[in-house]
Amino acid sequence: MPSFDIVSEVNTVEVRNALDQANKEITNRFDFKGSDARVELADKVLTLYADDEFKLKQVTDILAGKLAKRGVDTRSLKPGDPEKVSGNKVKQVVTVRTGVEQELAKKIQRMIKDSKIKVQASIQGDAVRVSGAKRDDLQAAIALVRKSVTDFPLQYQNFRD
């Protein structure tokens, strides 16, 4: 029976490379001279440090640009609220989301079921498996999900005939 998986993955090597490039640019930029601006990574959680809110926004923009150049979808980042550390210094925690979250998986499953396409969707951990009798039905399901889910990066893998 033909099937495919809907997953959401982030290449952690590319995230690490983009982080290194962003830190290198921050240390070399004139407007960051003498500041404590940097980006750190600890198991799928990025922490951005800066002297004030304005510089934090600049660090965020630099990081987003480097991630985009490395091919990492910035929709997979979930930024937290900026919080004060000591003095005027601020930090922001940004989570790198991987895997299809449970509520999004349920939404995708419901959407496929309501579309009357002759396929079945089942949630398997952090992925959604879609199976059907015909390849054309599976391709229609991919087109439907691509059109409907635009706020979260999804990949379609393991397409089997």
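General remarks:
- Tally of residues being surrounded by fewer than 16 Cβ atoms within 10 Å (Cβ to Cβ) and part of a loop (DSSP other than H, G, I, E, B) across the range 74-90: 6
- Qualifying positions in the range 95-109 - assigned to a strand (DSSP E or B) and surrounded by fewer than 17 Cβ atoms within 10 Å (Cβ to Cβ): 95
- Subset of the range 115-139 that is in a helix (DSSP H, G or I) and without any contact (Cβ under 8 Å) to a residue 24 or more places away in the chain - its residue that is surrounded by the fewest Cβ atoms within 10 Å (Cβ to Cβ): 136
Conditions tested, residue by residue: (1) more than 22 Å from the chain's Cα centre (by Cα); (2) at pLDDT below 90; (3) aliphatic (A, V, I, L, M).
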residue: 38; (1), (2), (3): no, yes, no
residue: 87; (1), (2), (3): yes, yes, no
residue: 103; (1), (2), (3): no, yes, no
residue: 108; (1), (2), (3): no, yes, yes
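- All conditions but one from (1) touching a Lys or Arg at 6+ places or on another chain (Cβ under 9 Å); (2) under 30 Å from residue 128 (Cβ atoms); (3) at pLDDT 90 or above apply to residue 6; the one that does not is (3).
- Being in contact (Cβ under 8 Å) with a residue 40 or more places away in the chain and assigned to a helix (DSSP H, G or I) is a property that does not hold for residue 112.
- Matching residues, the range 19-39, being over 13 Å from residue 65 (Cβ atoms) and either small (Gly, Ala, Ser) or in contact with a Ser or Thr (Cβ under 6 Å, 6 or more places away or on another chain) (or both): 34, 35, 37
The values are calculated or read from the model by the stated rules, or taken from the named source; none is laboratory data. Nothing here was measured: the structure is a model prediction, and the numbers come from that model. Please note: Cβ atoms are built from the backbone with ideal geometry, for glycine as well, and neighbour counts cover all protein chains shown.
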